[in-house]
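Before any comments, here is the structure.
The values are calculated or read from the model by the stated rules, or taken from the named source; none is laboratory data. As the structure is a prediction and not an experimental result, all values here were calculated from the model. When we count neighbours, we look across all protein chains shown, and the Cβ atoms used for this are built from the backbone with ideal geometry, even at glycine. Surface areas here come from the heavy atoms of the whole protein model, side chains and all, with no ligands, DNA or RNA. Shrake-Rupley method; radii C 1.70, N 1.55, O 1.52, S 1.80 Å.
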Amino acid sequence: MADLIDFYINADTLANATAVFTDAQMTVLAPSGYYSDGTTTKYQSSITGLGPSVDCPQCEDTPCDEDIIFALPEAAAGRLQASIATALNAGAIKVEINGVSNRPIGVDITFGGVKYNKFSSNLATNYTNVIEAPNAFQTSYFWATGGVAYCNNWVNGNQPDGSIHNFPIYYYNPTLGSWYDSGYSTIISTTNRLTTGISQYTAGKLIMYVPKNAGPQSLEIKFDVPCGPSGSGPTLSVGCPTTLQSISTSAVHSSHSSACGLSISGAAYIGPVASTTPGVLAVKDWVFSDSNAFNKFPDGFYKASGADLEGVSPTAEGTFEIVNGIVTQIQTC
């Protein structure tokens with residue numbers, strides 16, 4: 001639901017009004033965006049005033065099967081904010097961010113009261129496992145060393161306190177299939193950022209998996225682009241819940257050599273990041289002990305068939321190492 005803020009109209013109801021104003025004297029038109037009094041919804045241009053009544057674009061969650069792409073419709077900086085319905089099925093929800101190499105982003109994803117702001121990259125050379133800001137429970141800002149040049153917002157904010165004021169908020173209109181400036185704004189600070197930027201131009205795809213049980217639930221997403229977009233990004237996309245594929249593995253052990261001596265009898269579920277072949281594990285992939293991604297594999301070494309490991313001969317066996325739930329190396333036994 002949208003926030004409730006006091007405005008002024010030139011009629012007894014929004015249905016009869018021709019404009020919305022920010023002042024009681026009704027001399028300053030409110031910003032462009034949708035306005036609703038709970039009964040009537042209209043779109044206002046900050047130049048011409050209110051248009052005709054329309055169906056409310058924010059009344060329901062946006063279904064995940066609409067292939068929603070979080071991407072700014074304008075060149076200016078801003079926040080894309082939406083609630084994504086995740087269907088009824090249990091499964092792992094894939095969240096993918098692209099374009100961090102070109103411009104920094106902030107992300108804050110909440111599901112079932114839990115924050116999910118930790119990612120793995122298929123390319124980042126200086127982040128071999130989890131990519132996370134110092135405080136994963138706040139909006140987390142990710143950046144690459146080549147993507148923040150000439151961006152005063154990133155370096156100093158636009159105010160002496162270092163924060164960015166009047167940061168516009170965009171909502172998604174499922175009827176029109178597009179993002180629009182809500183007319184609301186917020187204040188952000190990008191201080192909760194990666195301590196070290198991702199090596200220049202190697203951010204690649206940032207991917208994580210959100211676990212979900214059966215039943216109706218919504219994913220709350222705030223996606224900040226503090227320096228504005230460049231070309232077609234940055235963007236964020238959300239998939240519908242899907243059960244993950246499994247491979248057979250050994251129990252965990254403390255080293256590659258000792259894991260090679262173990263028998264293969266357990267199961268590991270792959271959350272693909274760098275993997276390009278279904279059912280084949282690659283370095284940078286997430287690994288879980290259940291098909292819905294609730295439990296990450298413990299740190300250590302695991303043995304698996306070469307046919308299930310990228311870079312290992314299908315006729316051999318190998319091991320993979322897990323650190324913080326992510327594959328950091330694969331070796332042949």
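Among residues of segment 310-324 that are among the hydrophobic types (A, V, I, L, M, F, W, C), those with a Cβ under 6 angstrom from a residue that is at pLDDT 95 or above and not in a strand (DSSP E or B), sequence gap 6+ or separate chain, pair up as VAL312/GLY306; ALA316/GLY306; ILE322/PHE297; ILE322/ASP299; VAL323/ASP299.
Scan segment 205-234 for residues that are of a type outside the set (A, V, I, L, M), under 17 Å from the mean Cα position of the chain (by Cα), closer than 14 Å to ALA77 by Cα and part of a strand (DSSP E or B) and the total you get is 4. On the stretch given as segment 103-124, residues that are closer than 26 Å to SER182 by Cα and in a loop (DSSP other than H, G, I, E, B) total 6. Does PRO226 meet the test of being touching a helix residue (DSSP H, G or I) at 6+ places or on another chain (Cβ under 6 Å), surrounded by 18 or more Cβ atoms within 10 Å (Cβ to Cβ) and under 29 Å from ALA85 (Cα atoms)? Criteria met by PRO226. Is segment 53-72 home to any residue that is open to solvent by 40 Å² or more (accessible area, probe 1.4 Å), of a type in the set (D, E, K, R) and at pLDDT 85 or above? No, because not a single residue in segment 53-72 is open to solvent by 40 Å² or more (accessible area, probe 1.4 Å), of a type in the set (D, E, K, R) and at pLDDT 85 or above. Can we say SER230 is over 30 Å from LEU50 (Cα atoms) and modelled with pLDDT of 95 or more? Taking the combined requirement at face value, the residue does not satisfy it. Exactly one residue out of THR186, THR190, THR202 is in a loop (DSSP other than H, G, I, E, B) and open to solvent by 10 Å² or more (accessible area, probe 1.4 Å): that is THR202.
Identify, from the list ALA87, ALA92, ALA76, the residue that is assigned to a loop (DSSP other than H, G, I, E, B) and either surrounded by fewer than 17 Cβ atoms within 10 Å (Cβ to Cβ) or modelled with pLDDT of 90 or more (or both).
Values: ALA87 fails: either surrounded by fewer than 17 Cβ atoms within 10 Å (Cβ to Cβ) or modelled with pLDDT of 90 or more (or both); ALA92 fails: assigned to a loop (DSSP other than H, G, I, E, B).
It is ALA76.
Annotation: of all residues in segment 312-333 being open to solvent by less than 50 Å² (accessible area, probe 1.4 Å) and not β-branched (Val, Ile, Thr), the one that is nearest to the chain's Cα centre (by Cα) is GLY325. Once segment 125-183 is narrowed to residues that are of a type in the set (Val, Ile, Thr) and assigned to a loop (DSSP other than H, G, I, E, B), the residue that is surrounded by the most Cβ atoms within 10 Å (Cβ to Cβ) is THR139. The residue pairs whose first member lies in segment 121-147 and is under 24 Å from PHE111 (Cα atoms) and free of Cβ contacts under 8 Å to residues at least 24 places away in the same chain, whose second member is assigned to a loop (DSSP other than H, G, I, E, B) and open to solvent by less than 20 Å² (accessible area, probe 1.4 Å), and whose beta carbons are closer than 6 Å, counting only pairs six or more residues apart or on different chains, are ALA136/ASN117. Looking at segment 301-311, is at least one residue basic (Lys, Arg), crowded, with 18+ Cβ neighbours inside 10 Å and within 18 Å of VAL210 (Cα to Cα)? Checking segment 301-311: not a single residue is basic (Lys, Arg), crowded, with 18+ Cβ neighbours inside 10 Å and within 18 Å of VAL210 (Cα to Cα). How many residues are of a type in the set (S, T, N, Q) and touching a helix residue (DSSP H, G or I) at 6+ places or on another chain (Cβ under 8 Å) if we restrict to segment 90-120? Residues that pass the stated criteria total 0.
Of all residues in segment 95-117 being more than 9 Å from the chain's Cα centre (by Cα) and closer than 25 Å to GLN245 by Cβ, which is least open to solvent (accessible area, probe 1.4 Å)? Reasoning before the result, please.
So the first thing to find is which residues in segment 95-117 are more than 9 Å from the chain's Cα centre (by Cα), and the list is 98-105, 110-115.
Cutting the leftovers down to closer than 25 Å to GLN245 by Cβ gives us 98, 111-112, 114.
Working: ASN98: 49, PHE111: 9, GLY112: 63, VAL114: 69 Å².
Here the residue is PHE111.
Of all residues in segment 205-220, those being modelled with pLDDT under 95, open to solvent by less than 70 Å² (accessible area, probe 1.4 Å) and hydrophobic (A, V, I, L, M, F, W, C) number 1.
Does segment 4-12 include one or more residues that are under 19 Å from TYR180 (Cβ atoms), open to solvent by 50 Å² or more (accessible area, probe 1.4 Å) and without any contact (Cβ under 8 Å) to a residue 12 or more places away in the chain? Among the residues of segment 4-12, at least one is under 19 Å from TYR180 (Cβ atoms), open to solvent by 50 Å² or more (accessible area, probe 1.4 Å) and without any contact (Cβ under 8 Å) to a residue 12 or more places away in the chain, which makes the answer yes.
Applying the criterion of being under 15 Å from TYR184 (Cα atoms) and part of a loop (DSSP other than H, G, I, E, B) to the residues of segment 19-52, the residue that is modelled with the highest pLDDT is THR22. If I filter segment 269-292 for residues that are acidic (Asp, Glu), surrounded by fewer than 22 Cβ atoms within 10 Å (Cβ to Cβ) and farther than 26 Å from LYS205 by Cα, do I get at least one hit? Checked segment 269-292: no residue is acidic (Asp, Glu), surrounded by fewer than 22 Cβ atoms within 10 Å (Cβ to Cβ) and farther than 26 Å from LYS205 by Cα.
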